[in-house]
Each structure stands twice: as structure tokens, then as C-alpha cells.
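Below you'll find the structure, written out as C-alpha cells, and then a few comments.
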Amino acid sequence: MSKIDLSLKDAFRRAREKVESYGVRVYIGDVKDPNTGIFDGSEIGIDYANDLEMSLFVLVHLFGHTVQWNTVPAYRTIDTRVKPGAAPAVIEEARVYEENASRYGLQLLH
């Protein structure tokens with residue numbers, strides 16, 4: 001295993017431990033295509049077919065969404081509101097939602 005793989009593996013392990021310290025279960029398993037991960041606010045599933053780099057991203061990004069779901073209840077239904085033809089304000093809300101999920105994930109890594 002290369003040095004990069006070892007550092008990614010360690011980063012994934014530490015991120016998983018931190019997420020789980022908040023009471024969020026993390027598991028690796030089969031996730032319905034085309035998704036790379038799934039979450040429900042209390043657990044995060046990461047598809048077993050992801051490479052290590054993608055798994056780390058999915059973990060921290062979905063942790064970000066978990067934070068959002070626990071702080072902005074309206075985000076729990078955003079997927080039902082963002083459909084083709086949705087109003088520009090809804091599309092912008094979804095863009096900010098996704099961007100901020102990654103920001104929370106990045107903060108977790110720090």
C-alpha cells in the first residue's frame with residue numbers, strides 16, 4: 001500500500017471515529033445505484049464499491065448533510081422540492097445546501 005493510501009486510510013478512520021462520536025452510525029455496504037452513499041440523519045451508509053478517496057468524501061459530505069438535517073428541518077424534504085422545472089429560488093437553496101454540506105465536512109477534517 002502506498003503512503004498516499006495509508007494517509008487516506010488514516011484520514012477515513014479518524015473521520016469515521018469523529019462522526020461516530022456524535023452518535024451517527026457509519027457503515028459500508030451496498031448502496032442503490034447511482035448513489036455513492038446514503039444517510040437518514042442518524043446513520044451514514046457508504047457504498048462498498050467506492051475507492052478510498054471517494055469514501056472519505058462521501059463520509060464527510062453526508063456528515064455535513066446530517067448536521068444540516070439536525071439544524072434546519074426544512075432540509076429534510078429538499079429532495080422532494082428540487083425537481084426539473086423547480087423555481088430558481090429552490091434550485092439556489094439546493095446549491096447552497098450542497099455547498100454547505102461540503103463546508104461542514106471540511107470543518108470535520110480540520
Item checked: the chain: relative contact order in percent, alpha carbon pairs under 8 Å with at least 6 residues between -> 24 percent
Check: Tell me, what is the per residue accessible area of the chain in Å², probe radius 1.4 Å?
Finding: 64 Å²
Notebook entry, point to check: Over all pairs of distinct alpha carbons, what does the Kirkwood formula give as the hydrodynamic radius of region 1-40, in Å?
Noted result: 11.8 Å
Next item on the list: Report the net charge of residues surrounding GLY64, where surrounding means a beta-carbon distance below 13 angstrom and charges are Lys +1, Arg +1, Asp -1, Glu -1.
Entry: 0
Item checked: Interchain or long-range residues, amide H under 5 Å from GLY37's placed H -> ASP47
Check: What's the angle, to the nearest 10 degrees (0 to 90), between helix 88-109's Cα axis and the longest principal axis of the chain?
Finding: 20 degrees
Next item on the list: Give the cross-link partners of LYS83 among the aspartates and glutamates, using a straight C-alpha distance below 13 Å as the criterion and excluding same-chain residues fewer than 8 apart.
Entry: GLU92, GLU93
Check: Any idea of SER55's accessible area? Nearest 10 Å², probe 1.4 Å.
Finding: 10 Å²
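What value, in deg cm²/dmol to 500, does the helix sum -39500 (n - 2.57) over DSSP H runs of n ≥ 4 give at 222 nm once divided by the residues of the chain?
That comes out to -19500 deg cm²/dmol.
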Note to self: Around ILE44, under 14 Å between beta carbons, what's the net of Lys plus Arg minus Asp minus Glu among the other residues?
What the structure shows: -2
Notebook entry, point to check: For the Cα atoms of the chain, what angle does the longest principal axis make with the long axis of helix 3-21, in degrees from 0 to 90, nearest 10?
Noted result: 60 degrees
Item checked: Equivalent-ellipsoid semi-axes of the chain, from the Cα gyration tensor, Å, largest first -> 26, 15, 13
Item checked: Accessible surface of the chain [probe 1.4 Å, protein heavy atoms]: carbon and sulfur percent -> 57 percent
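The values are calculated or read from the model by the stated rules, or taken from the named source; none is laboratory data. The structure displayed is predicted, hence computed values, not measured ones. Cβ coordinates were reconstructed from backbone atoms using ideal geometry, including for glycine residues, and neighbour counts include every protein chain displayed. Calculation scope for accessible area: heavy atoms of the full protein, side chains included, ligands and nucleic acids excluded. Shrake-Rupley method; radii C 1.70, N 1.55, O 1.52, S 1.80 Å.
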